[in-house]
1. Around Pro406, what is the net charge, scoring Lys/Arg as +1 and Asp/Glu as -1 over all other residues with Cβ under 15 Å from its Cβ?
2. What are the DSSP H helices in the chain that stretch 24 Å or more along their long axis, judged by alpha-carbon atoms, and whose average Kyte-Doolittle hydropathy comes to at least -1.0?
3. From Cα pairs below 8 angstrom and at least 6 apart in sequence, can you work out the relative contact order of segment 555-665, rounded to a whole percent?
4. For segment 95-133 and segment 257-280, what is the separation of their Cα centres, given in Å?
5. Counting only heavy atoms of protein chains, what accessible area per residue, in Å², does the chain have with a probe of 1.4 Å?
6. Once R0 is set to 56 Å, what does the formula 1/(1 + (r/R0)^6) return for the Cβ-Cβ distance between Ser196 and Leu781, expressed as a FRET efficiency to the nearest 0.05?
7. Report the FRET efficiency, 1/(1 + (r/R0)^6), for Leu572 and His769, where r is their Cβ-Cβ distance and R0 is 35 Å, rounded to 0.05.
8. Between Ile631 and Leu564, how many nm apart are label points set 7 Å from Cα along the C-beta direction?
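The values are calculated or read from the model by the stated rules, or taken from the named source; none is laboratory data. From a predicted model like this one, the values you see are computed outputs, not experimental measurements. Counting neighbours? That spans all protein chains shown, and the Cβs are built from the backbone with ideal geometry, glycine included. For the accessible areas, the whole protein counts, side chains as well, though only heavy atoms, and no ligand, DNA or RNA atoms are used. Shrake-Rupley method; radii C 1.70, N 1.55, O 1.52, S 1.80 Å.
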Amino acid sequence: MILCLCRNQGKGVGKPAAGWILPLFVIALLFAGPGFAHAAGDATWHDKMFQTTWDLTPRTDEILLQYAPEADSVVRASLRNAYGLELLQDFNGVTRVEVCRVPAGQEAQAISEIVGREYGVAAAVPAMIDQEGFTKYYIPGRVTVQFRKDLSPEVCLQYIADAGSAVIKDLWTPGYYTITVPEGMTVFQAVRIWQSHPQILFSEPHYMMYDDAVYAPNDPYYDDQWHLNNTGAIGVAGSDIDAEAAWDLEKGDPNVIISIIDTGMDMAHEDLAGNLLPRGSADWDFSGAGTVPNDTNGHGTSCSGLAAGIQDNGIGVSGVAPGCRLMPLKVSLNSGENDNRADAINYAVSRRPEFNGMVISCSWRMSSGSFTAVEAACQNAWDNNVVMLVASGNDNSIINYPALYPTTIAVGASSPCDERKNPGSCDGETWWGSNYGPELDVVSPGVLMTTTDISGSGGYTSGNYVDYFNGTSSATPVAAGVCGLILSANPNLTNVEVRQILRDTAEDQVGPANEDGPGFDNYFGWGRINAYQAVLLAMPNNGFEDDMEAGEGGWTHQIIHPSLGYGDDWHLSQQRNHTPGGQNSWKCGATSGDYSNQISAALISPSINVSAGSVLRFWHWMDVYAEDDEIAGDGGVIEVSSNGGATWQPLIPAGGYTHRWAGTSLLPFFDGQRVWSGSFDWRQETVFLTGFSGSIQIRFRLGTRGADPTGEGWYVDDVEIVADPSSVPDEQVSRHLVEVLPSLPNPATGSAALRFQLAQAGPVSLVLHDISGRVIRQWDLGSQAPGRHQVVFDGFDASHRPTPAGVYLYRVVTKNEASQTGRLVWVR
């Protein structure tokens, strides 16, 4: 038989083409058998959104029962006793379902068909196993559908009605519905038909989720937040996230939101309520119990305190990001529907444009494997610049979903002794271990954590705080708090950049050598997070300085018009130099003799983060052909790009340019453009970067017409950008005996110049150490003359081992014990 799929003619995108989908459902009903028996291959469909083929097969030992409203606890217990069913998952009052194990020697399929006809039972189906081996629990007679989000609700509802279905839940996510399956059709037939609908993004069964909170709180008390500053009272000193040093730089911006998607929060808690984002009339309870996300479990309240508990209020605890605000969204973790998790993620994402940053913290797993709706929500978060962190899991095994999705940051747990939390780690909690694998991003402290609890006796303890909260559940909000600090320090960062900063600044090789070797490994990811180093790396570098003495330092050069036969003479030169005591500058011209004809080339800076009102200053020396005092023969300009070099625009120096470009051969500039031309000695130019903030690049561009050139060309040296012009020192040597100058480049990879300036001659030593004071490398430089000096750091310590990414300090000491300290951010 050939099934013809016909569309109504003349239907617009915004109108429901009822004739398109109704025939499919009618035809399917003709072939649908009675009951819920599963034929071979029936529970198979192709998900067109993520190109996944789902293939579910029935379990033989578990069934899901859905009860009618008249089935009270007595009826349910009697039914289980009559058929020898063992209750595995308690009755859920919202969906009226429970999960049971069938007696040994009996088949779940056969039992479900018999029990499904009993009084008070609405439906019974076997639990299913997907193609990855995860158990799936679905509610009979229901599917979820996600329409294209540009469709109006009226259009979506018309499609649903035309299919013979009814809406059970109109979820918050636009176009996302839980609906009934037409009578006589299986769930999986309906899913396949909806997947073929051109206006549908995805469809899947209406799943239940169980036991997905990833924590294990049941052991000794501990009365100190060691994860913020471990002095060695428990485990190993320094095994913390270095929060106190981070708070000297950033405590969190109230316009950066940390959304804890969990069991809710104690909304009136003394140490949380002050950091709560006003809810207004919004429904933050996605579990379906109401609109206020009141926590009746304790898990979400404890996660909230770790991320953003109030600081300096004389009570309780401090969160990692005490200045950020909390958005607690309640979902079902112990027993609930899958669709509410996707819905909550999408809601948080929808609020992202209102704030400087949005961080989502999910301290839960999906023990039943992957689900299209949740994967789509995670993709939505990624596409909309939301930072989403997910717990890796507590099984001492492979990482769970949704931490497996590439759009999330997978967080594992570390112990107070800087081990991956495992059954043998020093904390004594032998019953769990942090999950690991190639998808792991970082680890974070996650055992014996002191944090907030539901006030009174409603949570884990009889008080307002708990000192044994643990699991990757606790590690995740700690890492989310660090991400909140990162975005507070620099709200211009993307989620890609936040994840990279978290990775690049994580402390490497802190754990056992067999699990935490150099670089990435499956057990620690990129390392244990460090809040201080992360905030330092995130902070905008509102300034720039390069005297060219460290080499190329991130500068590049290129031909502007290669197809027209132009060339490039830019190179690092020692022919002329402006820097006192230096020898290098950039030159556009031959290594000796006159510069070339037919040049159209630019010297391009690395990316520089600038704040509004910044000023560019540089020194240059020029000797190129000019026709006269007004018209340029050859010449140079300075330009700026704020889009990564895609487009450039000219900058006008404070004193203006010297000449005008004109004549019959106009390239490489345009007629009337102002340029520098002719000959002049070293001089400083000032350029006000009005209207620019964030990441920019500058470039120096020289153009020649092709006439016989006479002259050396163009030299550029001592380039700097400052946020506050009044802070720029003059060219005289500082009155201090020693002055540390900014390292170049910073951040650095490969090599970096550690620079300093001396006021008088004498012996000098330079010591590089990490933030804990451990010496990485030392240089005894002997006697040095007054002026500027540098030491090139090649990325290796004194034993010639690669130096991990992180923040390092370098100290310059003279014979008079005068010293100053500079900072170097080292990245992979």
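1. On the way: positive: Arg499, Arg503; negative: Glu375, Asp383, Glu439, Asp441.
With Lys, Arg at +1 and Asp, Glu at -1, the net is -2.
2. Values: long enough: 472-489 (26 Å, 1.33).
Correct list, ordered by number: 472-489.
3. 20
4. Comparing the Cα centres of segment 95-133 and segment 257-280, I get a distance of 39 Å.
5. Details: 31230 Å² over 828 residues.
Here the residues of the chain average 38 Å² of exposed surface.
6. On the way: r = 74 Å, r/R0 = 1.33.
Efficiency computed from Cβ-Cβ geometry: 0.15.
7. On the way: r = 31 Å, r/R0 = 0.88.
That gives a FRET efficiency of 0.70.
8. Output for this residue pair reads 1.9 nm.
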